[in-house]
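Participant: Below is the structure I would like to discuss, written out as C-alpha cells.
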C-alpha cells in the first residue's frame, strides 16, 4: 500500500478529500433513518404535523447534502484515479527503460 501511496504523487490531497467526503456522505445517509424513527415516535405519537413537516424537511436536506457530497466525491476520485494511473504508467515506463538490452530480450522471446 505504501508503494501505491507514493505513486499518487501530487494527487494525495484528492485521495484524502475523497475519504473525508465518503465519511461525510455516510454520516448524512445514516442520519435519515434516525429522523424517520423520530417522526414515528414523536410526530405521529403526538400527532404534531409541524414536527413531521420540519423533520421531513431536514431529511430532504440531508439527502440533498449527501447527494452533493457524493457528486463531489466522484469528481475528486476520478481526478485521483487518473493521476494514479498516469503515475503508475510513468513509473513502469521508467523501470523498463532502466533494463539492459539483455533483460529486454528476455521479455520479447
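The values are calculated or read from the model by the stated rules, or taken from the named source; none is laboratory data. Here the structure is a predicted model, which is why all the values come from computation and not from measurement. Please note: Cβ atoms are built from the backbone with ideal geometry, for glycine as well, and neighbour counts cover all protein chains shown.
Participant: Pick out the one residue from 71, 60, 96, 42 that is at pLDDT 95 or above and either closer than 30 Å to residue 10 by Cα or touching a helix residue (DSSP H, G or I) at 6+ places or on another chain (Cβ under 7 Å) (or both).
Facilitator: Exactly one residue qualifies, and that residue is 71.
Participant: Here is a check on your reading of the model: is residue 73 assigned to a helix (DSSP H, G or I) and more than 17 Å from residue 19 (Cα to Cα)?
Facilitator: no
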